[in-house]
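The values are calculated or read from the model by the stated rules, or taken from the named source; none is laboratory data. All values reported here derive from a predicted model rather than from experimental measurement. Backbone-built Cβ (ideal geometry, glycine too); neighbour counts: all protein chains shown. Ligands, DNA and RNA are stripped out before the accessible areas are found, and what is left, the full protein with its side chains, is counted by its heavy atoms. Shrake-Rupley method; radii C 1.70, N 1.55, O 1.52, S 1.80 Å.
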Amino acid sequence: MSNRHEPFVASGDIQPSPPPSSVVGPIAWVRENLFSGVANTVMTLIGIYVIYSLLASLVPWLLLNSVWNASSLQDCRSIDNGACLAVIRERYLQFIYGFYPTEERWRPVVAFVLMLVALWPVLFAGAPRKLLYASALYPATAYWLIWGGTIWGPLAVMAGPIVGIILYRVFDKVLSGMMDEGIAGILSMAGALLLTITWWLFAVVQVDAILGSILNIGLEPVASDKIGGFLLSMIIGVSGIAGSFPLGIALALGRQSNLIFIKALCTGFIEFIRGVPLITLLFVASVLLQYFLPPGTTFDLILRVVIMVTLFAAAYMAEVIRGGLAALPKGQYEAADALGLDYWKSMRLIVLPQALKISIPGIVNTFIGLFKDTTLVIVIGMLDPVGILGPIRADQNWNGIVWELYGFIAIFFFVFCFGMSRYSLYLERKLQTGHR
Amino acid sequence: MSDTAVLDREIDRSKLQISDEIAIEITMMNKWYGDFHVLRDISLTVNRGERIVVCGPSGSGKSTLIRCINRLEEHQKGTIIVDGIELSSDLKNIDKIRSEVGMCFQHFNLFPHLSVLDNCTLAPMWVRKEPRKEAEDRAMHYLERVKIADQALKFPGQLSGGQQQRVAIARSLCMNPRIMLFDEPTSALDPEMIKEVLDVMVDLAETGMTMICVTHEMGFARQVANRVIFMDQGQIIEQNEPEEFFNNPQSDRTKLFLSQILSH
Ligand SMILES: Nc1ncnc2c1ncn2[C@@H]1O[C@H](COP(=O)(O)OP(=O)(O)OP(=O)(O)O)[C@@H](O)[C@H]1O
Ligand SMILES: [Mg+2]
């Protein structure tokens, strides 16, 4: 009899069996990372104990025994001994908007949503590049949404940079025929900038008034002293960040310039601003600035504060970026020169992309600092979230409440600052192009 | 460095044509760093198609000399005329000369934030205003020639030193320079990589490129250069054809230098 075995032939690929759970998987991970030795085990146990004790007091206070429905602090305490979150429930709208008129509150919301849209192409490379043009229109749009008034003011403001760019082109054409190109570039930029600022300071109000009297389309105006809460923090913080970044770059480049006058101007500015406390600058903004401006110009307080905060952060920003510029090997500048790139092109294409990448941690540090510093505006009587606390705590019903309110504000700031920090890590990872 | 020929290929001498046209003319050029007199009365005429090797002890001013030719350093006395244009403080002339003169550095100086291809297309697109397509085609052509086209989309940090230097050469070539300057292009490299870079430089010589190389690769000097210049303390001490220069050096300083460099 033939007793032949059919040879075994696999009919398909056999998948490798999964490694035993002692090598991979959550149990292995825990063993390797938390209990790999005596010292590690002790540390883990201490850590677990600390976390446990924190949660043991926080969870009952914040979640289990907290009170959401009450009309006063006494009420709260009589119901349960946890956090009295009823105050947040009653006042959160004030925390968000300050005293912004109730029926107009949709406007800041729209502005906020538009901000996210405008930030998208700025922050993420995946977004369509064309959207950047729309982002450029955002500041004036947001201003109009929040403050209201006729549509002509924001349009006149937006016209400023456009006219400025045209002027720059014309100046540059004319001047570069007469002198050294680099100097012509700087002169025409300064000229265009100066004229644009003049336009903003003196012409915008008139244009707004004249066109407004002819055709009055717009939104209900809202006065600056009505704006408060997180809305105010966001306005100052976001404008400060958006303004201080380009200004900081300009100052850092100016400080490295070969042109003595520009160098002295930038150095002097940076050293002066850094040497003065922000509170001083805020007082200058609220009280003194009006004296320096031509009589008749009304200059909104929030705008003045934004300018001061921007200048303040820009000085720090400039030094952070200067660090990045200094960290760049000299060979990079030389290679750019040797290829025939002029100053502006080598800055824009070679030097700044690398210097800014090096400076990301410092830049974000400055942003976070600026954002938290917005709470200082309380000293000049503005009602940022911390300022809103005053009226609430003075209220008969809520007298004596502390933790719940400060905690709420802390969470707000933490969410934004943590977001910025995560974004900077993402950016650093994305710009990683291998070791050099 | 060594005299053992790193080049194991025949060089087609018939391609090494030198024309009568003058590419670079330096007359009585002097340069100081503060009080320090780095370059003294340098006079040098380079014809189109010449391959000149500059050697000399460390600190003798070799780098400074070739960096003056594309104005990475400014000279204080005398004249330098490149491609018929005199180097003065007029920025227009300088940019013009820089786009005609390519330069390779000891440490490559590639732009680490740009891919190899973008490194090569950057100057043509931004200085010459070429459309991207055209610039990329030429970049690929030169990357092909330095045998590195398959790495075009990588970043410089992902390449070896020899590969980086070849990219740096391709990057310069993309501007279609008529003169190439090399400042110790191989002295930061391992022997294996030195060979691949020198290979590319020989190729380049065979296309009739005018080249000035600061290098201590004496094998390269012997086989490719038509003139070797010896510098010491900011002066040109001696210049001659390679055969004469190595076998029959005139000055004592040259002899000393050669004995040191060849005894390794
Ligand atoms: N920026 C500078 N400031 C002052 N002195 C300098 C500067 N650059 C170079 N030197 C000096 O000028 C001299 C010539 O330098 P250079 O770099 O041209 O020498 P080299 O011949 O290229 O030397 P090596 O072979 O080491 O590269 C050296 O003595 C150097 O110390
Ligand atoms: Mg040198």
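In region B:62-161, which chymotrypsin sites (Phe, Trp or Tyr not before Pro) are in a loop and have at most 11 other Cβ atoms within 10 Å, using DSSP for the loop call?
Working: sites: B:Phe105, B:Phe108, B:Trp126, B:Tyr142; in loops: B:Phe105, B:Phe108.
Loop-located and lightly packed - none at all.
Under 10 Å, Cα contacts only: if you run a Gaussian network model on chain A, which one of A:Val113, A:Val23, A:Val386 comes out with the highest mean-square fluctuation?
A:Val23
Please average, across the residues of B:113-125, the number of beta carbons from any other chain that are within 10 Å of each residue's own beta carbon, and give a whole number. List each step's numbers first, then the result.
Numbers: counts 10, 5, 1, 0, 0, 1, 2, 0, 0, 6, 8, 1, 1.
Average neighbour count from other chains, rounded to a whole number: 3.
As a test of reading the structure, rank B:His141, B:His216 by solvent-accessible area (1.4 Å probe, protein chains only), most first.
Values: B:His141 95, B:His216 45 Å².
I get B:His141, B:His216, largest accessible area first.
Which value, in debye to the nearest 20, gives the size of the charge dipole of chain B about its Cα centre, when Lys and Arg are +1 and Asp and Glu are -1 at the Cβ?
560
Using a cut-off of 15 Å between beta-carbons, work out the net charge of the residues near A:Trp61 (Lys and Arg +1, Asp and Glu -1, A:Trp61 not included). Each step should come with its number before you reach the end.
Details: positive: A:Arg77; negative: A:Asp80, A:Glu404.
In short, -1.
Work from the charge dipole of the protein assembly as shown (Cβ charges, +1 for Lys and Arg, -1 for Asp and Glu, about the Cα centre) and give the residue of A:Ala318, A:Leu281, A:Val351 farthest towards its positive end.
The residue sitting most towards the positive pole is A:Leu281.
Among all the aspartates and glutamates, which ones have a C-alpha under 13 Å from B:Lys133's C-alpha, if same-chain residues fewer than 8 places away are not counted?
B:Asp118
Relative contact order (percent) for region A:88-431, with alpha-carbon contacts under 8 angstrom and 6 or more residues of separation?
Over region A:88-431, the number comes to 20 percent.
Taking springs between alpha-carbon atoms closer than 10 angstrom, which of A:Ile88, A:Ile260, A:Ile241 fluctuates most in the Gaussian network model of chain A?
Of A:Ile88, A:Ile260, A:Ile241, the most mobile in the Gaussian network model is A:Ile260.
Carbon and sulfur together cover what percent of the accessible area of the protein assembly as shown at a 1.4 Å probe radius?
63
Report the far tail of the P(r) of region A:256-387, meaning the percent of Cα-Cα pairs longer than 22 Å.
Values: 4407 of 8646 pairs.
So the pairs more than 22 Å apart make up 51 percent of the total in region A:256-387.
Considering only A:Leu247, A:Leu425, A:Leu376, give the residue with the highest GNM mean-square fluctuation for chain A, with springs between Cα atoms whenever their separation is below 10 Å.
Judging by the Gaussian network model, the answer is A:Leu425.
Search the structure for amide H atoms under 5 Å from the amide H of B:Ile179, placed 1.01 Å from N in the peptide plane, and list their residues when 5 or more places away or on another chain.
Excluding prolines and chain starts, which carry no amide H, the hits are B:Gly102.
Using a 1.4 Å probe on the heavy atoms of the protein chains only, list every residue of region A:325-340 that has 40 Å² or more less accessible area in the complete assembly than in its chain alone.
Checking the loss per residue gives A:Gln332, A:Glu334, A:Ala335, A:Asp337, A:Ala338, A:Leu339, A:Gly340.
Just grab the label-to-label distance for B:Gln76 and A:Val24, each label 7 Å out from Cα along the Cβ direction, in nm (one decimal).
Those two pseudo-labels are separated by 6.9 nm.
Where the centroid of each part is defined by its Cα atoms, how far is region A:195-271 from region B:195-262 in Å?
Using only Cα atoms to place each centre, the spacing works out to 61 Å.
With each pseudo-label sitting 7 Å past Cα toward Cβ, what's the A:Tyr426-B:Glu241 distance in nm, one decimal?
6.8
If you take the accessible area of B alone plus A alone and subtract the pair, what total do you get in square angstrom, rounded to 100, with a 1.4 Å probe? Walk me through the numbers on the way to the answer.
Details: alone 12190 and 26340 Å², together 36270 Å².
Heavy-atom accessible area buried at this interface is about 2300 Å².
Under a point spin-label approximation (7 Å from Cα along Cα-to-Cβ), what is the B:Leu153-A:Val59 distance to one decimal in nm?
Label at B:Leu153, label at A:Val59, 5.0 nm between them.
Taking 30 Å as R0, compute the FRET efficiency from the Cβ-Cβ separation of A:Phe418 and A:Ala394 and round it to 0.05. Write out the running numbers ahead of the final one.
On the way: r = 31 Å, r/R0 = 1.05.
Rounded to the nearest 0.05, the efficiency is 0.45.
In debye, nearest 20, what is the charge dipole magnitude of the protein assembly as shown about its Cα centre with +1 on Lys and Arg Cβ and -1 on Asp and Glu Cβ, if you could check?
On the way: 57 positive and 64 negative charges, 271 e Å.
Rounded to the nearest 20 debye, it is 1300 debye.
About the Cα centre of region B:187-233, how large is the charge dipole given +1 on each Lys and Arg Cβ and -1 on each Asp and Glu Cβ? Please answer in debye to the nearest 20. Mind dumping the intermediate values first?
Numbers: 3 positive and 8 negative charges, 53 e Å.
The calculated dipole for region B:187-233 is roughly 260 debye.
Within region A:311-342, whose backbone N sits under 19 Å from a point 7 Å along Cα→Cβ of A:Thr267?
A:315-327
Looking at chain A, do any whole DSSP H helices span at least 20 angstrom along their long axis by alpha carbon and average 1.0 or above on Kyte-Doolittle, and which?
Numbers: long enough: A:38-59 (31 Å, 1.89); A:106-123 (25 Å, 1.94); A:152-176 (35 Å, 1.23); A:181-198 (25 Å, 1.62); A:229-255 (37 Å, 1.60); A:260-274 (21 Å, 1.43); A:301-327 (39 Å, 1.76); A:352-373 (28 Å, 0.78); A:403-430 (39 Å, 0.73).
Span-like helices in chain A: A:38-59, A:106-123, A:152-176, A:181-198, A:229-255, A:260-274, A:301-327.
Can you give the accessible area per residue of chain A, in Å², using a 1.4 Å probe?
Values: 25190 Å² over 436 residues.
Result: 58 Å² per residue.
Quick one: Cα centre-to-centre distance for region A:273-339 and region A:33-99, in angstrom?
40
Any idea of the accessible area per residue across chain B, 1.4 Å probe, to the nearest Å²? Can you show the working numbers first?
Working: 11080 Å² over 264 residues.
Per residue, chain B has 42 Å² of solvent-accessible surface.
Provide the gained length on full extension for the span A:Ser36 to A:Tyr291, in nm with one decimal, where the gain is 0.36 nm per separating residue minus the Cα-Cα distance. Spell out each step's value before the answer.
Details: separation 255, 0.36 × 255 = 91.80 nm, distance 6.84 nm.
Taking A:Ser36 through A:Tyr291 to full extension adds about 85.0 nm, to one decimal.
Tell me the mean residue ellipticity at 222 nm calculated for chain A from its helices only (DSSP H runs of n ≥ 4, each -39500 (n - 2.57), averaged over every residue, nearest 500).
Working: 19 runs with 287 residues, N = 436.
Taken over chain A, the calculation gives -21500 deg cm²/dmol.
Of B:Gly78, B:Leu189, B:Ala152, which is farthest along the charge dipole of region B:77-216 in the positive direction, counting Lys and Arg as +1 and Asp and Glu as -1 at C-beta?
B:Gly78
Which one of A:Met179, A:Met115, B:Ser172 is farthest out on the positive end of the charge dipole of the protein assembly as shown, using unit charges on Cβ (Lys, Arg +1; Asp, Glu -1) and the Cα centre as origin?
A:Met115
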